Amino acid sequence: MKIFPLRALLLALLSINIATGAEKPNIILIMPDDMGWGDIGAHGHPFIKTPHLDKLHAQSLRFTDFHVSPTCSPTRSALMTGRHEFKNGVTHTIFERERMTLKATTLPQLLQRAGYSTGIFGKWHLGDEEAYQPDKRGFDEIFIHGAGGIGQTYPGSCGDFPNNKYFDPAILHNKTIVKTKGYCTDVFFGQSLGWIDEMRKTDKPFFAYITPNAPHGPEVSPGSQYEKIYRDQKCAPKDIAYFSMISNIDENIGALMDKLKQWNIEDNTLLIFLSDNGGTHTDTYSGGYRAGKGTPYQGGTHAPSFWRWPRVIHAAVDCPALSAHIDILPTLAEIADVKLDESTAAQVEGKSLLPLLKDPQSAWPERTLVTHLGRWPKGQYEAWKYKNCAIRSGNYRLVNNTALYDVATDRSESKDIATEHPEIVARLRESYDKWWQETVPLLVNEDVIAPMENPFKVMYRKQFGPQEK
């Protein structure tokens, strides 16, 4: 009988996922910035070419009623913590209100406890100050830009490196600023692939969080070879750079998928694709959803949600259950077989999607989801309680405390049925008021005093000196 060394035995035991009966999967979560539900060929876009995302769509379980927040930092905060962003203090994308409370337990921290190596490649946007950086929130490998986008800077704590551009950007790699070569999306995917290649050779599973800043504005085309695709289709000039950025993202996703197959880790890698809010070019195509980014309507929150895990999940299946970004943490925690301690269990509002991943027709109880754009002027949260908000229960959405829509029959939220269903309006208002009352005490960033200078600019000056441009 073969005798296993103690360390090998322990590693073998740790690698078995009790929840699925399978080896713990590697996990890759890809989430571009501002790429809407409609910006995918498989969803019917008349111009955008996404052959690799279309392939992923065909190989995945798709949550067809999946929702995120109307803007970026809020979604990232909810994904990281399993609860509504306001309860993390994230009510904006700038002015210190993008900082995720230090009291929250994060998804990568949980995965670390389960034996995962963790890496982030791209956009963080949950606080640029040292205590809020991803290396303090559960990530082993850091490769990020600052602020909410490459080159963005606002007064206070939220700012990228000086004069940063989409080509050859300066990037924070762990504790060192590196000056890269190439287009930003290519740089982020290239770095993530290098790290994954290293991690696959170890005895630990990995979590790669790939969050390119594209196609967020400024809309900078990755090259003429992409632009030609859309000029040949005679697309509107205002769309060509944006569409080109998405084609470049798609190409990088294809390269990643090819590598997973080549490395023979495809079958036990859970590959997830999401967007962080509604699209910004929904006038071209929205899939029938009303409005887009920055609104409380479904066009601002409805997101693609593709989940591919060949060893466990059936391909080409749609799941209609109402689901959301807050469900990702409890789902991945269950898949990784990490137990939530008492405080984390109290924090998490989402539900594990694992039963639906195993059987898309599993019973899924009716639930309530709240959307609020936030972004109010400092100190004005009470006056903005009912501005740019929505509450969803079952098929009904109450928007801005006045208009009621049945989204099962009215995807475009065009027919207000509030006067026909006053009892539903009253019920949703009561639920929303209760949510607001319990949430306000957790708005911890509303009166924060900003630092005198952006932390990333201070970091840059320390490394390169005051004259470096």
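About its Cα centre, what dipole magnitude does the stretch 368-442 give when the only charges are +1 on Lys and Arg Cβ and -1 on Asp and Glu Cβ, stated in debye to the nearest 20?
On the way: 11 positive and 10 negative charges, 69 e Å.
The calculation lands at about 320 debye.
Comparing T368, Q380, V399 along the charge dipole axis of the stretch 368-442, the residue lying farthest to the positive side is Q380, per the Cβ-charge model. When the charge dipole of the chain is built from unit charges on Cβ atoms (+1 for Lys and Arg, -1 for Asp and Glu) and taken about the Cα centre, the candidate among V317, L353, L329 whose Cα reaches farthest toward its positive end is L329.
What is the packing order of peptides 450-458, 260-268, taking the mean over residues of other C-beta atoms within 10 Å and listing the highest first? Mind dumping the intermediate values first?
Working: 450-458: 16.6, 260-268: 14.9.
Top of the packing list down: 450-458, 260-268.
Exposure proxy for E334, E130: other Cβ atoms within 10 Å of each Cβ, ordered fewest to most, give E130, E334. Across the chain, the fraction of Cα-Cα pairs farther apart than 36 Å, rounded to a whole number, is 26%.
Extending 7 Å from the Cα toward the beta-carbon at both A131 and E453 defines two label points whose distance is 2.1 nm.
Please list the helices of the chain that count as membrane-span-like by this rule: a mean Kyte-Doolittle hydropathy of at least -0.5 together with Cα atoms stretching 27 Å or more along the helix axis, each helix being a complete DSSP H run. Mind dumping the intermediate values first?
Values: long enough: 237-262 (38 Å, -0.20).
Answer set is 237-262.
Tell me the relative contact order for the chain as a rounded percent, counting alpha carbon contacts under 8 Å between residues six or more apart.
Details: 1013 pairs, mean separation 115.4, N = 469.
It rounds to 25 percent for the chain.
Taking θ as phi - 60° and the Karplus parameters 6.51, -1.76 and 1.60, the scalar couplings of the stretch 362-370 work out to 4, 4, 9, x, 4, 9, 10, 10, 10 Hz in sequence order, x denoting glycine and proline.
Exposure proxy for I171, I142: other Cβ atoms within 10 Å of each Cβ, ordered fewest to most, give I142, I171.
Taking amide hydrogens as placed 1.01 Å from N in the peptide plane, the amide H of G122 sits under 5 Å from those of F143, I144, H145, T211, each at least 5 positions away in sequence or on another chain. Counting only DSSP H runs of at least 4 residues, each contributing -39500 (n - 2.57), and dividing by the residue count of the chain, the helix-based mean residue ellipticity at 222 nm comes to -8500 deg cm²/dmol.
The fewest-to-most ranking of S73, S275 by surrounding Cβ atoms within 10 Å reads S275, S73.
Mind checking the dipole of the chain: about its Cα centre, +1 per Lys or Arg Cβ, -1 per Asp or Glu Cβ, Debye to the nearest 20?
Once rounded to the nearest 20, the dipole reads 620 debye.
Bear in mind these aren't lab numbers, they're just calculated from the coordinates by the rules spelled out. Keep in mind the model is a prediction, meaning the values are calculated, not measured. Because the Cβ atoms are built from the backbone with ideal geometry, glycine has one as well, and the counts that use them run over all protein chains shown.
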